[in-house]
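Student: Please find one structure pasted underneath; my questions will follow.
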Amino acid sequence: MRTNCRITIFSDSLPEIEIMITLGATKLEYSSPVRSNPLVFLDVDDSNPHFNEILELAEEIKGKAQVSTMFFVSFTEEECFRARYLHVRSTFAGLDSIYYPGQYEQLHYYETVTIQGRNIYDRYEHTQQIAPTIAKKKPTWRADRQFCSDYGSAMQNLYCSDLARKVIVDSGLTGVQFHEVLSEKTRTPFSDLWQLWPEECEDFLMPGPYMQTRACKDCGKIRYYSSGGRARLIIREDIVPVGLDFMQVAGAVGADTGYPYNVVSHRAYCVLKQSSIARALVFEPLENAVVE
């Protein structure tokens, strides 16, 4: 696993910036039509022996200037191949889905706002999709890119082509259905476009490093959320359904509205990677949780 950090500092005159550069952080160039506020972008990854020291300096600077840190975690193919289960999502927003009344059923809603010198905002909305996705047009498939997502689902829903569906079905992978996607103009199904519906399962996740949880005060359902992009979820393999290759924990991730969290088995990962059609898919190995 590799962790990269992008540090944004709203100042260009602090001595700590030069120290961070001396320690190996890379200063990135940027162009902006608005230069009323000085900005410094630094990039560093955990192969740098001073990685933690640079992050500590970024924390110290927060007392003098506005600082933000965004983490990007990536995995090698070897790490993915060793995993028994993996989180899967698509980086290709191939279609522009249309939100419409009746597409989702609201199962639970909770919201509170308290103002005591500052705003305290807590919201939980659990919904499930009950009607087909409607889109303006089909994605443009490529030979190596036969899966996509959509911005309407915060890039969590998965869609695929006829070819990808055939690969999944012919390989005997289990736990997934294929639902039609409708045209906004005609309200008829698109050809060569399907929404993947992994089987919804009991929540078999647990918070890992940098991941936080928050329970709804009404229904008690746990939400997993993080900031900065460094958080990990781990898996309770003792309650993962046996024999499923596609699974979904609905409403599991998100500080406000929960989105589906799609998981595939090692077998599904191997089939998709060997088929050479899944370039748009990103896989994240899920480590086993220690259950007391």
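Derivation of every value follows stated rules applied to the coordinates shown; laboratory data play no part. These figures come from a predicted structure and were not determined experimentally. Here the Cβ positions follow ideal geometry from the backbone for every residue, glycine too, while neighbour counts run over all protein chains shown.
Student: Kindly state, to the nearest 0.05, the FRET efficiency for Ser13 paired with Gln212, given R0 = 35 Å and r defined as their beta-carbon distance.
Tutor: 0.55
Student: How many lysine pairs in the chain, separated by 8 or more positions in sequence or lying on different chains, have Cα atoms less than 26 Å apart?
Tutor: Close lysine pairs found across the chain: 10.
Student: Let me ask another. For the chain, what's the relative contact order in percent, using C-alpha pairs closer than 8 Å and at least 6 residues apart?
Tutor: Numbers: 606 pairs, mean separation 60.0, N = 292.
In percent, rounded to a whole number, it is 21.
Student: If packing is taken as the average count of other Cβ atoms within 10 Å, what order do 147-158, 270-281 fall into, highest mean first?
Tutor: In descending order of packing, they fall as 147-158, 270-281.
Student: Okay, moving on. Return a whole-number percent for the relative contact order of the stretch 2-74, with Cα pairs under 8 Å and 6 or more residues apart as the contact set.
Tutor: On the way: 103 pairs, mean separation 38.3, N = 73.
Relative CO of the stretch 2-74 lands at 52 percent.
Student: Run the dipole for the chain about the Cα centre, Lys and Arg Cβ at +1, Asp and Glu Cβ at -1, nothing else charged, and hand back the magnitude in debye, nearest 20. Working shown, then result.
Tutor: Values: 30 positive and 38 negative charges, 161 e Å.
In total the dipole reaches around 780 debye.
Student: Could you check the spin-label model distance between Leu163 and Lys62? Points 7 Å from the Cα along Cα→Cβ, value in nm.
Tutor: Placing both labels 7 Å along Cα→Cβ, they lie 4.6 nm apart.
Student: To test your reading of the geometry: what angle, between 0 and 90 degrees and rounded to tens, separates the Cα axis of helix 266-275 from the longest principal axis of the chain?
Tutor: 90 degrees
Student: Now for a different question. For helix 51-61, what angle does its Cα long axis make with the longest principal axis of the chain, in degrees from 0 to 90 and rounded to 10?
Tutor: The angle comes out near 70 degrees.
Student: When only C-alpha pairs under 8 Å and at least 6 residues apart count, what is the relative contact order of the stretch 139-292, in percent?
Tutor: In percent, rounded to a whole number, it is 25.
Student: At a Förster distance of 41 Å, what's the computed FRET efficiency of Glu237 paired with Met70, Cβ-Cβ distance as r, to 0.05?
Tutor: E(calc), rounded to 0.05, equals 0.85.
Student: Okay, moving on. Taking the simple approach of a point 7 Å from Cα along Cα-to-Cβ for both Thr3 and Asp170, what is their distance in nm?
Tutor: So the two model labels end up 4.2 nm from each other.
Student: Something else: Pop the C-beta distance of Arg84 and Gln177 into the FRET formula with R0 = 41 Å and round what comes out to the nearest 0.05.
Tutor: E(calc), rounded to 0.05, equals 0.95.
Student: Determine the sum of side-chain charges near Pro139: Lys and Arg each +1, Asp and Glu each -1, restricted to other residues whose C-beta is under 10 angstrom from that of Pro139.
Tutor: Values: positive: Lys137, Lys138, Arg142, Arg145; negative: Asp96, Asp150, Asp192.
Once positives and negatives cancel, what remains is +1.
Student: Check each of the chymotrypsin sites (Phe, Trp or Tyr not before Pro) in the stretch 4-107 and keep only those in coil by DSSP with at most 10 other C-beta atoms within 10 angstrom; list them in order.
Tutor: Tyr30, Tyr99
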